[in-house]
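Enquirer: Below is a structure I'd like to ask you about.
The values are calculated or read from the model by the stated rules, or taken from the named source; none is laboratory data. Owing to the predicted nature of the structure, the values given are computational and were not obtained by experimental measurement. Note: ideal-geometry Cβ built from the backbone for every residue, glycine included; neighbour counts use all protein chains shown.
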Amino acid sequence: MNVFDSGTRDSIQHNPKSAFDCLLERLFDYAGMFPPAQRDFETALRESASLASTLRRPWLVASDLVLDTAHIGRLAGLKLSDFGFSSQLTICALVTEPQEHALAALQSLTSASLPIRVSSLETKTADDTATQTIGIWRESAAHFDALLAIEPDLSRSNWNEQLESCITAILKSGGKVAFKCRLTGPTGIGPDRLARTISRVCGMGLPFKVTGGLHHPIVDSSRHEYPMGFLNVATAVMLKRALQHSLSEALLADILTNSSYQSFSWRDGLRFGDLAISFDQLTAAKKLAHFSIGSCSLHEPDADLLSFSDTAR
């Protein structure tokens with residue numbers, strides 16, 4: 001079972017018939033409480049529960065809610081069915097407090113015996129402390145059978161050193177540990193650094209998560225300020241996993257910044273320009289390791305995908 005399968009979506013039967021559907025399946029973790037959406041706690045819960053009926057493609061959802069440790073404790077006093085959840089709530093637990101407080105919040109989930117599954121435990125790591133960070137949190141992640149995702153600061157001048165240090169720590173951990181990076185905000189990175197990150201992380205076959213600004217399918221400077229779209233990023237990740245050394249960082253950067261939907265094709269597999277993989281290769285790349293995108297909006301991606309329907313068939 002995919003580590004990010006959601007109980008709320010279990011009743012939604014979806015068998016991807018095209019590479020387009022396969023690429024999109026369980027791609028997003030809903031992060032409605034975070035900027036720029038900044039929903040309040042209860043509004044985010046209700047909106048998450050409604051996604052199964054309000055999205056044109058409800059199977060876009062991987063995890064129901066990204067919830068920080070400052071709010072996790074509030075779940076203990078709730079009846080989830082009051083918010084529209086018919087089965088379990090699947091959350092990505094984001095560490096935003098000191099270790100002692102964060103651990104107490106996570107423990108409240110265990111003691112409350114709520115119908116909640118922690119799919120990932122996500123935390124930032126400082127310079128050269130990735131091994132220590134993994135050591136601190138891996139037991140908690142293992143308790144929930146969750147993926148541990150660690151996020152170094154790749155916006156700094158020594159970003160490449162941090163990238164390599166974090167990858168080395170993940171490889172040595174021998175467990176369910178993902179690399180996470182951010183594309184917006186003070187620690188956000190641009191296409192060139194993301195291309196390098198994808199090349200190294202996906203070249204190693206590691207689990208991967210990206211967050212920040214990926215509300216729209218591809219680059220569209222007339223509509224938004226973001227230099228990359230979620231189809232740009234997802235395509236780059238899967239092509240790198242499948243093609244490995246034949247896909248250079250320069251080509252990855254081209255994929256990430258391409259603004260023409262005509263450069264992409266999903267008719268007989270996944271194709272970008274002269275680069276192509278079959279449906280079976282794409283399926284294998286998806287199964288190789290976890291990949292998801294954190295987004296504060298899922299209705300925007302869902303609506304924007306309407307313009308790709310004809311291209312994807």
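Enquirer: So which of 213, 273, 190 is farther than 23 Å from residue 176 by Cα and surrounded by 17 or more Cβ atoms within 10 Å (Cβ to Cβ)? Full working, then the answer.
Expert: Details: 273 fails: surrounded by 17 or more Cβ atoms within 10 Å (Cβ to Cβ); 190 fails: surrounded by 17 or more Cβ atoms within 10 Å (Cβ to Cβ).
So the residue among 213, 273, 190 that is farther than 23 Å from residue 176 by Cα and surrounded by 17 or more Cβ atoms within 10 Å (Cβ to Cβ) is 213.
Per-residue answers, yes or no, for (1) closer than 20 Å to residue 303 by Cβ; (2) at pLDDT 95 or above:
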site	(1), (2)
40	no, yes
43	yes, yes
49	yes, yes
52	yes, no
59	yes, no
63	no, yes
66	no, yes
69	no, yes
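Enquirer: Six or more apart or on different chains, Cβ under 6 Å: which pairs go from a residue in region 261-272 that's modelled with pLDDT of 90 or more to one that's charged (D, E, K, R)? Could you list them?
Expert: Final answer for the pair search is 265/271.
Enquirer: Could you grab me the full set of residues in region 193-206 that are buried (at least 20 other Cβ atoms within 10 Å of the Cβ), of a type outside the set (S, T, N, Q) and in contact with a Lys or Arg (Cβ under 7 Å, 6 or more places away or on another chain)?
Expert: 198, 202
Enquirer: A further question on this structure: Does at least one position in region 101-112 carry a residue that is within 26 Å of residue 61 (Cα to Cα), among the hydroxyl-bearing types (Ser, Thr, Tyr) and touching a strand residue (DSSP E or B) at 6+ places or on another chain (Cβ under 6 Å)?
Expert: no
Enquirer: Further question: Can you tell me which residue within region 276-299, out of those that are exposed (fewer than 15 other Cβ atoms within 10 Å of the Cβ) and of a type in the set (D, E, K, R), is farthest from residue 180 (Cα to Cα)?
Expert: If we take residues in region 276-299 being exposed (fewer than 15 other Cβ atoms within 10 Å of the Cβ) and of a type in the set (D, E, K, R), then 280 is farthest from residue 180 (Cα to Cα).
Enquirer: Still on this structure, please answer the following. Is at least one residue of region 204-213 farther than 21 Å from residue 289 by Cα and of a type outside the set (Asp, Glu)?
Expert: First, pick out the residues of region 204-213 that are farther than 21 Å from residue 289 by Cα: 213.
This time we only want the ones that are of a type outside the set (Asp, Glu), so: 213.
Yes, region 204-213 has at least one match.
Enquirer: Here's a follow-up. So which of 179, 230 ends up being aromatic (Phe, Trp, Tyr), touching a helix residue (DSSP H, G or I) at 6+ places or on another chain (Cβ under 8 Å) and within 18 Å of residue 130 (Cα to Cα)?
Expert: 179
Enquirer: May I ask you to list the residues in region 45-84 that are in contact (Cβ under 8 Å) with a residue 60 or more places away in the chain, β-branched (Val, Ile, Thr) and buried (at least 16 other Cβ atoms within 10 Å of the Cβ)? First the steps, then the outcome.
Expert: Looking only at region 45-84, we keep the residues that are in contact (Cβ under 8 Å) with a residue 60 or more places away in the chain, and these are 51, 54-57, 60-63, 66.
Those left that are additionally β-branched (Val, Ile, Thr): 54, 61, 66.
Answer for region 45-84, where residues must be in contact (Cβ under 8 Å) with a residue 60 or more places away in the chain, β-branched (Val, Ile, Thr) and buried (at least 16 other Cβ atoms within 10 Å of the Cβ): 61, 66.
Enquirer: Which residue, of 64, 127, 82, is in contact with a strand residue (DSSP E or B) (Cβ under 8 Å, 6 or more places away or on another chain) and of a type in the set (Asp, Glu)?
Expert: Working: 127 fails: in contact with a strand residue (DSSP E or B) (Cβ under 8 Å, 6 or more places away or on another chain); 82 fails: in contact with a strand residue (DSSP E or B) (Cβ under 8 Å, 6 or more places away or on another chain).
When all the criteria are applied, what remains is 64.
Enquirer: Hand me the list of strands (runs of 3 or more DSSP E) wholly inside region 24-132 holding 2 or more residues that are of a type in the set (Lys, Arg).
Expert: Working: elements: 28-30, 61-63, 65-68, 89-94, 116-124.
In region 24-132, 116-124 are the strands (runs of 3 or more DSSP E) which contain 2 or more residues that are of a type in the set (Lys, Arg).
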